[in-house]
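Only one structure is covered here, and it is reproduced in the block below.
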Amino acid sequence: MIGITLTTDQIRNAPAHVRQWIEHEVIASLGLAADAPAAAEHPQAAHLVGCTTEDAAAVLAQIKGMMPAFNVFFEFARPGISFGQPPVMAFRLIDILYHTRLQDIGQVIECLEAINEAFARVRGDASAKFCGFDNQGHCLIAPETQKSVAALWQSILSSQQKGRGGPGTASAA
């Protein structure tokens, strides 16, 4: 048997999948979970509506004055874990908290609720949900939504590079 010691900084800076594995191993070694992981239930996934790139831009326009929600919104540009039928993309709330540097999960939830409210207004449907939650600390979105947010993020980066005369842009003389 081999043991290793990791500092909290090493764990905090590890890739998400490594942190998830460490979390699983610690829980299993303490006997806090069954040997086989329980399937995550995602009761709110049925109400998720796929978000187009245009919808994503409209939601962003509504939350642009709320910097924390703005930052949480762009967490969905990252690749998530796809599972279930119909498929959903899962993002760990703890990872969103870490990446956005908010103080607690409650603040993350407040931002997600603001995003859901903005999305419902954009769609003109109070029941339309940008995201939902499962019983294992994940935020769930439709795969189309993740692709749309990622496309919007790339579009913003591209337009900023062009505006600065970045690589791949031609300057008129």
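The values are calculated or read from the model by the stated rules, or taken from the named source; none is laboratory data. Being a predicted model, the structure only gives us computed values, none of them experimental. Here the Cβ is made from the backbone with ideal geometry for all residues, glycine too, and neighbour counts use every protein chain on show. Protein only, heavy atoms only, side chains kept; ligands, DNA and RNA dropped before computing areas. Shrake-Rupley method; radii C 1.70, N 1.55, O 1.52, S 1.80 Å.
Applying the selection to the stretch 72-91, what residues are buried (at least 16 other Cβ atoms within 10 Å of the Cβ) and of a type outside the set (A, V, I, L, M, F, W, C)? Scanning the stretch 72-91 gives Glu75, Arg78, Gly80.
Can you tell me which residue is nearest to the chain's Cα centre (by Cα) among those in the stretch 4-17 that are of a type outside the set (D, E, K, R) and at pLDDT below 75? Filtering the stretch 4-17 for residues that are of a type outside the set (D, E, K, R) and at pLDDT below 75, the one nearest to the chain's Cα centre (by Cα) comes out as Ala16.
Taking the criterion of being in contact with a helix residue (DSSP H, G or I) (Cβ under 9 Å, 6 or more places away or on another chain), within 21 Å of Ile94 (Cα to Cα) and polar (S, T, N, Q), the residues of the stretch 122-147 that qualify are Asn135, Thr145. The residue that is most open to solvent (accessible area, probe 1.4 Å), among those in the stretch 92-115 that are charged (D, E, K, R) and within 24 Å of Ala58 (Cα to Cα), is Glu110. Inside the stretch 145-168, residues that are buried (at least 17 other Cβ atoms within 10 Å of the Cβ) and out of contact with any strand residue (DSSP E or B) (no Cβ under 7 Å at 6 or more places or on another chain) make up a count of 7. Reported count of residues in the stretch 115-153, each being in a loop (DSSP other than H, G, I, E, B) and small (Gly, Ala, Ser), is 6.
On the basis of being farther than 11 Å from Cys51 by Cα, open to solvent by less than 90 Å² (accessible area, probe 1.4 Å) and touching a residue at least 60 places away in the same chain (Cβ under 8 Å), does Ala142 make the cut? Here the answer is no, as Ala142 does not meet what is asked.
Once the stretch 121-139 is narrowed to residues that are closer than 14 Å to Gly50 by Cβ and hydrophobic (A, V, I, L, M, F, W, C), the residue that is modelled with the lowest pLDDT is Ala128. Regarding the stretch 48-63, can at least one residue be identified that is open to solvent by 50 Å² or more (accessible area, probe 1.4 Å) and at pLDDT below 85? There is no residue in the stretch 48-63 that is open to solvent by 50 Å² or more (accessible area, probe 1.4 Å) and at pLDDT below 85. Flag not set for Ser155, criterion: at pLDDT below 95 and hydroxyl-bearing (Ser, Thr, Tyr).
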